[in-house]
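Written out below as structure tokens is the structure these notes cover.
The values are calculated or read from the model by the stated rules, or taken from the named source; none is laboratory data. Not measured: the values here are computed from a predicted model. No Cβ is skipped: glycine too gets one built from the backbone with ideal geometry, and neighbour counts run over all protein chains shown. These accessible areas exclude ligands, DNA and RNA; they are computed on the full protein's heavy atoms, side chains included. Shrake-Rupley method; radii C 1.70, N 1.55, O 1.52, S 1.80 Å.
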Amino acid sequence: MISTYEILEKSRTAGQRLPYNEAAVLFAGAVRLAAASDSTLRGRLVRIDDVGGLHVEGFDEQAPEAEPAYLAPELLSADAPDKNDPKVQVYAAGVLGYELLTGRLAPPPGQAPGPELTGPLGDVVRRALAADRRERIEDLRQLHEAVEEIQPRPPAEGERNILSALRNRFSRPPPEKEALAKLIDKLHQLEAQVAQLGKAQARLQASQRESSETIERFEVGQTRVDQAGRRRQSVVAPAMAIAAFTSAAILAAAWAFGLLAIPARLGPSFAANAPPPAPAEVAPPARDAAVAEAKPAPAGSKRAAAEPTPVPAEPKPAPAEATPPPEAKPATPVTAEAGADAGSEAAADNATADAGLAVATDAGTAQPAAAPTPASAPPPPRHQASSRAAMLHALALSQVRRGEDALEQGNPDDALASFRAALENEPTNAVAFRGLGMAYAMEGHDSEALQAYDKYLRLMPKALDAPAIRRSMLELKTRANAGAKK
């Protein structure tokens with residue numbers, strides 16, 4: 001805890017003066033507590049605790065006087081009243097108000113304040129410091145009412161934040177120690193950032209290794225696929241050659257068999273009159289089929305009598321001939337031979353088709369092996385997201401500190417802007433929600449403060465200041481309910 005006496009001494013040593021807002025809030029709070037407990041004020045008895053709570057300790061009338069400037073003029077006379085006399089208490093409260101508002105030591109007892117005491121609150125303090133006790137305010141209760149009209153009490157949370165900022169500002173170490181502490185803090189932050197960058201670099205190297213391994217596996221798989229394709233082609237090519245040779249042999253054998261069978265079936269007259277076949281000329285399969293269709297008529301049939309000498313150059317049979325008798329069915333043996341020729345051609349075609357299908361199948365089986373191309377692409381580096389998150393976290397921390405400084409200086413608007421900016425960079429920053437609740441409470445926005453505190457407690461339910469935050473929320477709810485009833 002720090003006393004008002006220590007705050008005033010440090011401010012006078014630094015040649016500074018308390019901001020009016022902080023001085024007025026501190027004076028009004030001290031008068032309120034003194035009036036409630038009928039206490040005599042001294043600078044050493046008014047204290048601020050670690051969370052911004054204001055306390056007034058009891059006055060010991062029998063103890064030696066440590067601050068003689070707080071003594072009323074009548075206490076120096078022979079018939080001095082008691083130090084707890086109401087008007088003597090008013091004079092002591094006026095001395096405290098004079099030192100807080102002006103930053104100077106109070107004038108000697110019986111001497112009126114100078115022009116340095118200004119404003120409506122200064123007029124109230126001037127009346128409390130009247131040398132003639134008959135002109136002085138009657139008691140602490142009336143003094144509290146007069147101060148309350150000029151300086152209404154802010155919300156409990158706002159008053160606590162103002163007093164906490166005042167305490168923290170005057171409880172800090174000397175400037176050189178504070179600079180050293182900030183430098184050490186910066187070094188710690190740099191060490192944390194270096195560690196994060198090291199982790200990000202390690203993740204990047206791991207990602208690169210994975211990508212290299214994936215590329216190597218893809219290349220090995222591609223090489224195996226190419227080798228398998230060459231082996232399949234070396235097997236398919238001989239098979240296709242053998243199939244083609246077999247087909248040609250079957251066709252040649254069928255053709256040769258047909259030419260030798262024609263003279264035996266057509267009789268000696270056809271064999272004697274038929275010209276010898278040209279050895280260097282090979283008839284096409286279609287012509288052989290036509291000849292085969294032309295020669296199946298048996299001896300003694302009407303067709304054989306009508307057509308004793310078939311014309312080999314005509315591939316088609318005569319369509320205009322008379323309908324043969326039922327017993328003469330020349331198409332049966334010749335159709336079998338033609339079917340054999342057609343079957344050999346179909347077999348050749350099937351063999352060729354099978355060979356083509358084998359090639360297509362081989363090519364098809366090679367396709368899935370080359371499919372890993374899209375899956376083998378290296379994954380995108382993950383260090384970019386982590387680096388961006390680290391940068392946003394650092395920005396949020398800087399904005400939270402700026403907001404806390406604004407709260408210490410009693411500027412809730414600047415604090416709100418800083419905490420909102422921090423939450424935009426890092427929506428889960430619990431400290432930013434706590435600062436947001438304090439700033440809202442200072443401005444009297446109870447519902448917004450409650451929402452911010454609630455989010456803070458949800459994010460950090462076991463925080464060290466969680467009990468104090470819950471008490472603040474209870475006070476805000478109580479005040480909101482009281483305002484709603486009014």
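The table below lists the values:
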read-out: Positive-end extreme of charge dipole, region 2-89 - chosen from Ala24, Leu71, Gly53 (charges on Cβ); value: Ala24
read-out: Rel. contact order, % - alpha carbon contacts under 8 angstrom, at least six apart, region 429-486; value: 32 percent
read-out: Virtual paramagnetic centre 7 Å along Cα→Cβ of Ile184, amide N under 16 Å, in region 394-426; value: none
read-out: Solvent-accessible surface ranking, highest first, for Ile215, Ile162 at 1.4 angstrom; value: Ile215, Ile162
read-out: Cα gyration tensor category, rounded, prolate or oblate, for region 20-178 with a/c compared to 1.5; value: prolate
read-out: Around Leu101: net Lys/Arg minus Asp/Glu count, Cβ-Cβ under 12 Å; value: -1
read-out: Furthest towards positive pole of dipole, Val147, Ser171, Ala131, structure part region 125-173, Cβ charges; value: Ser171
read-out: Radius 14 Å from Cβ of His144, net charge of other residues (Lys, Arg +1; Asp, Glu -1); value: -2
read-out: Prolate/oblate/rounded label for region 1-114 (Cα gyration tensor, a/c 1.5); value: oblate
read-out: Summed side-chain charge close to Ala131 - residues other than Ala131 whose Cβ falls under 15 Å, Lys, Arg +1, Asp, Glu -1; value: +3
read-out: Cα gyration tensor shape of region 78-147, rounded if a/c is under 1.5, else prolate or oblate by comparing a/b with b/c; value: oblate
read-out: Region 75-203, dipole about Cα centre (Lys/Arg Cβ +1, Asp/Glu Cβ -1), debye to the nearest 20; value: 760 debye
